[in-house]
Amino acid sequence: VNLRAVYAFAREMYPKNVTTDIQYGTAGFRTRNDKLYYVMYRMGLLATLRSRAKDGQTIGVMITASHNPEPDNGVKLVDPMGEMLDQSWEKLATNLVNVSDMELQDEIARIIENEKIDIGSASCVFVGMDNRYHSPGLLKAVEDGVLTLKGRVKSFGIVTTPMLHYFVVCANTNNAYGVATEEGYYDKLTTSFKRLRGTEFERGNYKNKLIFDGKCANGVGARKMLRFLKTMDNSLGIEVFNKGEGKINHECGADYVKVQQGCPIGLPEIEPNTRCCSVDGDADRLVYFFTDANNQFNLLDGDRIATLIAGYLMDLIEKCGVDVTIGLVQTAYANGASTEYIQNVLKVPVATTSTGVKHLHHKATEFDVGIYFEANGHGTVVFSNKARKSIHAASKNVGNDLNEEQVAAARKLLLTIDLINETVGDAISDMLLVETILHTNGWDVKDWLAAYTDLPNVQQKLMVADRNVIRVTDADRKCVTPDGLQKEIDLLVAKYPKGRSFVRPSGTEDVVRIYAEAATREDTDRLASEVSLITY
Ligand code: 16G
Ligand code: ZN
């Protein structure tokens, strides 16, 4: 490996065309596509180094800007077990991207030395992208970065973010988790879904009809969903609308539906109370919604999905009698009514973490069965080895002291584990899980919605000169700077029954976000605007 090539290549092909520093944030680097070529090249370099630092295990690089507008793109790295890149390496990523072309070679040498990397050793990088028109060019830059350091790179082309996470885990577990191909991914999910569903596709109030908002996935979601459906043999009846025309995420998609609290554009005429779902641009978020007979829009967001899953898993765990802990992880954006329901009705412990999947994921691993969801629809379930082992043993009736019902519950749990993409929130896998649970319960959307009533809530964006003036703590719920702001927020919140509000700098956009909820819509809107006035 000749490190001089690092600089030569950078200067020739991927010169740094930006002078302001950027930061590896909650979702990696994200900005306008034309400012990302040098970033991608450097992330190709870094991913190869990371792989070598991890004894040649496969590292993932995903090129996507999720729900951002079409001109944006982004990149994030995936660690060997499918986790987000380790925090200490996030810092290395930030440094590497902000040095000049001239300093690049020295910076690489520094990482090699500090991390004690054998630069001649084997490595492997998997790359995937969403289908923004600039993604292929950016992917090429990542590949060139890998090749400059004589690493091995495999491109999967257009995939969802969760698929790439899945491929990485498969590769690093000798395919014990599944086969590291798109077919392997579909096959794993389809097999478990069909077995859980059995031959009776409808049950009680559950109808086998789901409307899927594909426009959000003018990104990859719709494309992959259509391919996926071919493997399903009608066991799930889905109609996809908005299949590809128009701009990515424009007035549609999970983020739009969640934040605007309304239907995406292009929704066809449908019967009231029909289940609809939306995913985001890279298919790692999922929300459900429906319009009722009074033409009222109803949202079933990440909090609802989490509570639905928690109820289902608790029931199965109880039935099979294994001794495992179960917990649910949320962020400050979770609706207060959902938190109350989980604690008081489901009686499951709730933990709250800062925004960003890696924080939730990490916390969830403290439970044997850890369910985590952001209100925006990103989430999954993680199972500890202990949980896996004891469920497995129960399904085989080791010791033969379990009754039939217990063994059946354990088998069902095992299939459910197979249906879940534990590596990261996965819209397709989460959707299949929701459908499985509704089918098991014989529920329609109204039954699901009846569990609890959301408090009215609102999210606002505030453009400010410097969003980093606001620093937060206590899982985003309290501002530590600027001085006195939190006190003022507390005073406003205290005026409103069930009031709650917090302010935090966005990690993905140059804005400050304001969240408010209260007992009535009027109070909620008033609280939000009062808080935004004092924040501004
Ligand atoms: C990113 C995060 C998501 C978080 C969102 C917050 C990942 C994979 N994604 O999309 O979890 O909810 O950022 O955005 O970590 P914000 O900081 O702009 O509010
Ligand atoms: Zn996303």
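Please treat every number below as a calculation from the coordinates, not as lab data. Model, not experiment: these values are computed from the prediction. Reconstructed Cβ throughout: ideal geometry from the backbone, glycine too, with neighbour counts over all protein chains shown.
Quick one: of 76/258; 188/412; 140/224; 461/498; 154/188, which pairs are farther than 18 Å apart, Cα to Cα?
Those over the limit are 76/258; 140/224; 461/498; 154/188.
Can you give the calculated 222 nm mean residue ellipticity of the chain, where each DSSP H run of n ≥ 4 adds -39,500 (n - 2.57) and the sum is split over every residue, rounded to the nearest 500 deg cm²/dmol?
Helices in the chain give a 222 nm mean residue ellipticity of -12500 deg cm²/dmol.
How far apart, in nanometres, would the label points at residue 114 and residue 4 be if each is projected 7 angstrom from Cα along the Cα-to-Cβ direction?
Distance between the two pseudo-spin positions: 2.6 nm.
May I ask you to derive the relative contact order of region 299-376, considering only C-alpha pairs under 8 Å and at least 6 residues apart, and to give it as an integer percent?
43 percent
Exposure proxy check: 42, 11, 411 ranked by fewest other beta carbons within 10 Å?
11, 411, 42
Defining a contact as two alpha carbons under 8 Å apart and six or more residues distant in sequence, what relative contact order in percent does the chain show?
12 percent
Please give the charge dipole size of the chain, origin at the Cα centre, charges +1 on K and R Cβ atoms and -1 on D and E Cβ atoms. Round to the nearest 20 debye.
Once rounded to the nearest 20, the dipole reads 760 debye.
Report the calculated FRET efficiency for residue 133 and residue 208 (r = Cβ-Cβ distance, R0 = 41 Å), to the nearest 0.05.
Given R0 = 41 Å and the Cβ-Cβ separation, E is 0.70.
Go from 0 up to the bin containing the longest alpha carbon distance in region 303-423, width 10 Å each, and give me the % of pairs per bin.
Here the calculated profile for region 303-423 is 14, 46, 29, 10, 1.
May I ask you to sort 277, 124 by Cβ crowding, counting other Cβ atoms within 10 Å and putting the fewest first?
Final ranking by Cβ density, sparse to dense: 124, 277.
Taking the Cβ of each residue in 514, 270, 326 as the centre, tally the other Cβ atoms inside 10 Å and list the residues starting with the fewest.
Listed from fewest to most nearby Cβ atoms, that is 270, 326, 514.
Nearest 0.05, what FRET efficiency do residue 340 and residue 398 give at R0 = 35 Å with Cβ-Cβ as r?
0.35
Can you tell me, using C-alpha contacts under 8 Å and at least 6 residues apart, the relative contact order of region 444-500 as a whole percent?
15 percent
Residue 317: net charge of surrounding residues, Cβ under 15 Å, Lys/Arg +1, Asp/Glu -1, itself excluded?
Residues near residue 317 contribute +2 overall.
Sort 170-183, 496-509 by the packing proxy (mean of other Cβ within 10 Å over each peptide's residues), most packed first.
So the order, starting with the most tightly packed, is 496-509, 170-183.
Based solely on C-alpha atoms, express the radius of gyration and the Dmax of the chain in angstrom.
Here Rg and the maximum Cα pair distance are 23.4, 70 Å.
For residue 296 and residue 319, compute 0.36 nm times the residue count separating them, minus their Cα-Cα distance, and round to one decimal in nm.
Extending this stretch completely gives an extra 4.5 nm.
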